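Below: the structure, in structure tokens.
Derivation of every value follows stated rules applied to the coordinates shown; laboratory data play no part. Note that the coordinates shown come from a computational prediction; the quantities given were computed from them, not determined experimentally. Note that each Cβ is placed from the backbone with ideal geometry, even for glycine, and that neighbours are counted across all protein chains shown.
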Amino acid sequence: MGFDPKSLTFTDAGLIPAIAQDAETGDVLMMAWMNAEAVKRTLDTGRVTYWSRSRQAFWVKGESSGHVQELVDFRLDCDRDCLLVTVRQTGPACHTNRRSCFYTAVRDGEEVELMQPMS
């Protein structure tokens, strides 16, 4: 029978949020959007593919930067409206050159920068 990406619950825009997590450390690296074709491409190629809302185009993570996300595991949440992709991340995941997009915390009402850009 197999998995059918159309069985997922997409937004009205045809998108589903995908959270990327480092398979080795468990760190949450980033969140981006996928459409059904990006899901299919990710599963077919093992290279995580997102849908860029700003460019209205497929975005294979690392295609231009070299900061590749190799798929380790592909998970669906209980409502089938959010994805978790565990990955082997090469280099930074964030466009700010940080390992994770989640580099800012709010502690005691103040923003705290948790990590510097990678050199």
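Distance between the pseudo-spin-label points of Arg88 and Thr25 (7 Å out from Cα toward the beta carbon): 1.7 nm. Relative to the longest principal axis of the Cα atoms of the chain, helix 36-45 runs at roughly 80 degrees. The smallest convex shape that holds all Cα atoms of the stretch 33-72, its convex hull, gives 63 Å³ per residue.
Shown in residue order for the stretch 18-25 are the 3J(HN,Hα) couplings computed by the Karplus curve 6.51 cos²θ - 1.76 cosθ + 1.60 at θ = phi - 60°: 10, 9, 9, 10, 5, 5, 7, 9 Hz (x for Gly and Pro). Sites listed here are GluC sites (Glu not before Pro) in the stretch 14-119 whose DSSP assignment is loop and whose Cβ has at most 13 other Cβ atoms within 10 Å: Glu24, Glu63.
Find the relative contact order for the stretch 5-113 and round it to a whole percent, using C-alpha pairs within less than 8 Å whose residues are 6+ positions apart.
Relative contact order, the stretch 5-113: 25 percent.
Within the chain, the cysteines lacking any other cysteine Cβ closer than 4.7 Å to their own Cβ are Cys78, Cys82. Loop-located trypsin sites (Lys or Arg not before Pro) in the stretch 1-90 (DSSP state not H, G, I, E or B) with no more than 13 neighbouring Cβ atoms inside 10 Å: Arg53, Arg55, Arg80. Potential lengthening of the chain between Lys6 and Leu114 amounts to 35.1 nm, from the contour at 0.36 nm per residue minus the alpha-carbon distance.
Each label point was placed 7 Å from the Cα along the Cα-to-Cβ direction; for Arg80 and Val60 their separation is 2.9 nm.
Expressed as a whole percent, the proportion of Cα-Cα pairs in the chain lying more than 24 Å apart is 28%.
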